[in-house]
């Protein structure tokens, strides 16, 4: 069982600040994913933990041992790269057992451990195959087996499924989580795929511009993100600027272009007459041909309809000029709506998030850079 802690971790490449005073704790046997825009520092962070690059400042602890200056080979971590780097002249079983063997492990012990690892990864039938004979998924499973063969309890995964086809990627991510849990490992998984991170992680780290924005469970980050950037980056969201008019308990009455909207502001700290931002996921904006509710309802018309596999997106514009996106799951009961239809859009109070207005401005706060 392995715990990881980084303290004030910073990495500079000349004038470029790739990582800025990052603090993070990863619990024993936790499956943690790190996501964020390109260039946000997520790969730099995992490379620092693995010892591939050295920090400019800060400290790294593995099981409360300071490993900041410890060489990569002495950190007892398994590292899996996006680029599948197997020895082309070695068979699957030889690739998996290579690390412990070159460190002097007894050959018979090595063969037994390799057999156990191949069985765990369902690769026993391909043990004598060379990498060129393997599918993409089998290659990456071989790379994972090689990373784990030395007995490491910390698995570092740097975009491990990024080079694979969608179907294989979707299958392998669940196998990967099961493997981590079955072996009582701790895993840190860097990915650009939000769905991948959300579906297999105990917690997710959101990063932006070399800093951690927010850490939480996938459900919490999606339904009740505490940071406006998280609401923007994770999934989809509509944003509205307004001013707080009235506060009753956890409910905020907000004026948005003359319309009164009620939002459940659990955890929000705003005062009356303060400028704010409201955010709502597209699936919580419902369309009707009749006005069913006076509260949180706008008259609107449809400007675009997009069919996206299992969902349909409707882009609407309200009578006050606000553009919103709504989302419906494709079923036999999805609304019969066409471009140009005049409708009513109702925003769920329970799912209408409220935030302080960003001091840098809304566009800058939502910017991916």
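The values are calculated or read from the model by the stated rules, or taken from the named source; none is laboratory data. Keep in mind it's a predicted model, so treat the numbers as computed, not measured. All Cβ positions, even for glycine, are placed from backbone atoms using ideal geometry, and neighbour counts span all protein chains on display.
The table for this structure:
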item	result
Among the residues listed as 177, 146, the single one being closer than 27 Å to residue 43 by Cβ and at pLDDT below 90	146
Any hit, segment 240-251, residues being assigned to a helix (DSSP H, G or I) and touching a strand residue (DSSP E or B) at 6+ places or on another chain (Cβ under 8 Å)	no
Residue match in segment 87-106 (condition: in contact with a strand residue (DSSP E or B) (Cβ under 6 Å, 6 or more places away or on another chain) and either under 24 Å from residue 150 (Cβ atoms) or not assigned by TED's automatic domain parsing to the domain that holds residue 130 (or both))	no
Residue, nearest to the chain's Cα centre (by Cα), within segment 106-123, restricted to residues that are loosely packed, with under 15 Cβ neighbours inside 10 Å and part of a helix (DSSP H, G or I)	119
When residues of segment 312-359 are limited to those that are surrounded by fewer than 18 Cβ atoms within 10 Å (Cβ to Cβ) and touching a helix residue (DSSP H, G or I) at 6+ places or on another chain (Cβ under 6 Å), the one farthest from residue 298 (Cα to Cα)	358
Members of segment 136-169 that are out of contact with any helix residue (DSSP H, G or I) (no Cβ under 7 Å at 6 or more places or on another chain), touching a residue at least 24 places away in the same chain (Cβ under 8 Å) and surrounded by fewer than 18 Cβ atoms within 10 Å (Cβ to Cβ)	151, 162
Conditions (1) farther than 19 Å from residue 300 by Cα; (2) modelled with pLDDT under 95; (3) within 27 Å of the chain's Cα centre (by Cα): number failed by residue 283	(1)
